[in-house]
1. With n ≥ 4 as the cut-off for DSSP H runs, can you work out [θ] at 222 nm for the chain, using -39500 (n - 2.57) per run divided by the number of residues, rounded to the nearest 500?
2. Let me check I've understood the local charge: for Lys85, count other residues with C-beta under 14 angstrom from its C-beta, Lys and Arg +1, Asp and Glu -1. What total comes out?
3. Mind checking the angle between helix 63-74 and the chain's longest principal axis? C-alpha axes, 0 to 90 degrees, to the nearest 10.
4. Can you compute the charge dipole magnitude of the chain about its Cα centre, using +1 on each Lys and Arg Cβ and -1 on each Asp and Glu Cβ, nothing else charged? Give it in debye, rounded to the nearest 20.
5. What number, in percent, do you get for the relative contact order of the chain if the mean sequence gap of Cα pairs under 8 Å and at least 6 apart is divided by its residue count?
6. Peptides 53-59, 6-12, 43-49: what's the order by average Cβ count within 10 Å, highest mean first?
7. If one takes the longest principal axis of the Cα atoms in the chain, at what angle in degrees, from 0 to 90 and to the nearest 10, does the Cα axis of helix 17-27 lie?
8. Between [x] 93; [y] 147; [z] 103, which entry matches volume of the Cα convex hull per residue in Å³ as derived from the coordinates of this structure?
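Bear in mind that the values in this text are calculations on the coordinates, not laboratory data. Small disclaimer: the values here were computed from a predicted structure and weren't measured. Here the Cβ positions follow ideal geometry from the backbone for every residue, glycine too, while neighbour counts run over all protein chains shown.
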Amino acid sequence: MDDYDELIAVFAATNNKKEMNKLFEELFTQREKYDFALRWRLLKELHDGTTQREIASKLGISLCKITRGSRILKDSKSQIAKILKEREHEKKHDS
């Protein structure tokens, strides 16, 4: 198993939010965590129907990064698109 696969296995085995937070604190810099959160935010915005130009203005990021996110969500096999759809479904049922 290479290092990347091993790291994925560690993440998959960590099912406690507190432990996952600690793992992220130990592995990633503040900037890396910020970048992860920003990418997640832009994907949520795209999924919710916000235009690319609105996202660029609101989050201060390039259209190139946003276009990458848009391609990810359009991919029929996208894990992120699946997660966001499930999240949306849960929100509707919680209301």
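1. -25000 deg cm²/dmol
2. It works out to a net charge of +2.
3. Relative to the chain, helix 63-74 is tipped by roughly 80 degrees.
4. Charge dipole, the chain, about its Cα centre: 580 debye, nearest 20.
5. Relative contact order of the chain: 17 percent.
6. Put in order of decreasing packing, that is 43-49, 53-59, 6-12.
7. With both axes taken from Cα atoms, the answer is about 80 degrees.
8. Here the calculated entry is [y].
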